[in-house]
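The values are calculated or read from the model by the stated rules, or taken from the named source; none is laboratory data. What you see is a predicted model, and the numbers here were worked out from it, not measured in a lab. With ideal geometry, Cβ positions are generated from the backbone for all residues, glycine too; neighbour counts draw on all protein chains shown.
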Amino acid sequence: MRPTLLALGVLLFASGNVLAQDESAHSFSATGYLVSDYNFRGVSQTEKDPVFQLQGDYAHSSGFYAGIWASPVEFGDELGTDNEVDFYVGYGWSMGESWGADVSVLRYTYYGGNDPGDLEYTEVIGKLTYAETVTLTVGYSNDVFALDDDGLYVSLGFEKDIGRDFTLSASLGNYTFADGLTEPKDNYIDFSVGLSHPLGPFDFSVSYVGTNGAGRDIFGVNADNRLLAVLSYSYPGEE
């Protein structure tokens, strides 16, 4: 049976209500996102249309975690894909007082439309964080976009509390593909700069995202520079 956003939402939020009070080594959470555009590494996955996204997470005190994330997508009439559902498992650990590391495996899956299974691929992602402020991310797939070729993504991110419950964030990334994979370019740069602030039980963020000229050469108008707004709610929330 193919998962749907509605079914996923019922499952995630029901699980959160039942298990949120578990004070053992296990923890569960569910988050809903209303986004003005599903942005993935500088490129719109919904032709710049707003969508609602859902995420569910399990974490163990040892550092192991697993989760599921879902969003509508729009890749044009030829593919006709309706939804993306991602599954991931990982392990995070600290290295002294300031450093942290994380390694995860993520499976991108797609449903609806014309042969969406042809789009599915797996990526290994490693992260190194300093002082919970600066994060180096490296993602690698030997079948990026299910095109049987290599894709390497490297980004440097920054996040800092600047007072009055405002958080400043920024990132700069480079996505490199095997020769000929995404003609006429084999790599592009993406960026984001944003601010986030709580609104009652919700979190709200606005950012400016996009790519360099190479990104627009590969992905067209979906890689244009643009404003992105996100309103999210998590259960259980912070106390």
Counting only residues that are out of contact with any strand residue (DSSP E or B) (no Cβ under 7 Å at 6 or more places or on another chain) and at positive phi, the stretch 198-239 contains a total of 2
Just one of (1) surrounded by 14 or more Cβ atoms within 10 Å (Cβ to Cβ); (2) more than 16 Å from the chain's Cα centre (by Cα); (3) at pLDDT 95 or above; (4) not small (Gly, Ala, Ser) trips up Pro201, so point out which. (1)
Kindly indicate which of Tyr121, Tyr110 is touching a Pro at 6+ places or on another chain (Cβ under 8 Å) and surrounded by 13 or more Cβ atoms within 10 Å (Cβ to Cβ). Tyr110
Quick one: which residue in Asp161, Asp190 is of a type in the set (Asp, Glu), within 20 Å of Gly42 (Cα to Cα), in contact with a Ser or Thr (Cβ under 9 Å, 6 or more places away or on another chain) and in a strand (DSSP E or B)? Asp190
Got a sec? Which of Asp190, Asp165 is more than 16 Å from the chain's Cα centre (by Cα) and either of a type in the set (Asp, Glu) or over 23 Å from Val138 (Cβ atoms) (or both)? Asp165
Can you say whether Thr137 is over 18 Å from the mean Cα position of the chain (by Cα) and either assigned to a strand (DSSP E or B) or surrounded by 14 or more Cβ atoms within 10 Å (Cβ to Cβ) (or both), as far as the supplied structure shows? no
Hey, Ser196 closer than 19 Å to Pro50 by Cβ, assigned to a strand (DSSP E or B) and out of contact with any Phe, Trp or Tyr (no Cβ under 9 Å at 6 or more places or on another chain) or not: no
Could you list, ordered by first residue, the pairs with Cβ atoms under 6 Å in which the first is in the stretch 22-43 and buried (at least 18 other Cβ atoms within 10 Å of the Cβ) and the second is charged (D, E, K, R), at least 6 apart or interchain? Ser29/Asp57; Asp37/Lys48; Arg41/Asp190; Gly42/Asp190
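Filter the stretch 54-70 for residues that are without any contact (Cβ under 8 Å) to a residue 40 or more places away in the chain and either buried (at least 18 other Cβ atoms within 10 Å of the Cβ) or within 18 Å of Thr109 (Cβ to Cβ) (or both) and give the result. Write out each step before concluding.
Let us first name the residues in the stretch 54-70 that are without any contact (Cβ under 8 Å) to a residue 40 or more places away in the chain, namely 57-67, 69.
If the condition is that a residue be without any contact (Cβ under 8 Å) to a residue 40 or more places away in the chain and either buried (at least 18 other Cβ atoms within 10 Å of the Cβ) or within 18 Å of Thr109 (Cβ to Cβ) (or both), then Asp57, Ala66, Gly67, Trp69 are the ones that fit.
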How many of the residues in the stretch 71-87 are part of a loop (DSSP other than H, G, I, E, B), surrounded by fewer than 18 Cβ atoms within 10 Å (Cβ to Cβ) and among the acidic types (Asp, Glu)? 3
Evaluate the following for Leu195: is it at pLDDT 95 or above, more than 30 Å from Leu147 (Cα to Cα) and exposed (fewer than 15 other Cβ atoms within 10 Å of the Cβ)? yes
Is it true that Arg164 is surrounded by 15 or more Cβ atoms within 10 Å (Cβ to Cβ) and among the basic types (Lys, Arg)? no
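Has the stretch 97-109 got any residue that is farther than 26 Å from His60 by Cα, out of contact with any Asp or Glu (no Cβ under 7 Å at 6 or more places or on another chain) and in a loop (DSSP other than H, G, I, E, B)? Working first, answer last.
Narrowing the stretch 97-109 to residues farther than 26 Å from His60 by Cα: none.
No, that holds for no residue.
Of the residues Asp118, Asp149, which is more than 20 Å from Ser44 (Cβ to Cβ) and in contact with a helix residue (DSSP H, G or I) (Cβ under 8 Å, 6 or more places away or on another chain)?
Asp118
Based on what the data block shows, is Thr129 under 19 Å from Ser171 (Cβ atoms) and either in contact with a helix residue (DSSP H, G or I) (Cβ under 9 Å, 6 or more places away or on another chain) or surrounded by 13 or more Cβ atoms within 10 Å (Cβ to Cβ) (or both)? Give the steps one after another, and end with the answer.
On the way: under 19 Å from Ser171 (Cβ atoms): yes; either in contact with a helix residue (DSSP H, G or I) (Cβ under 9 Å, 6 or more places away or on another chain) or surrounded by 13 or more Cβ atoms within 10 Å (Cβ to Cβ) (or both): yes.
Judged against the criteria, Thr129 is a match.
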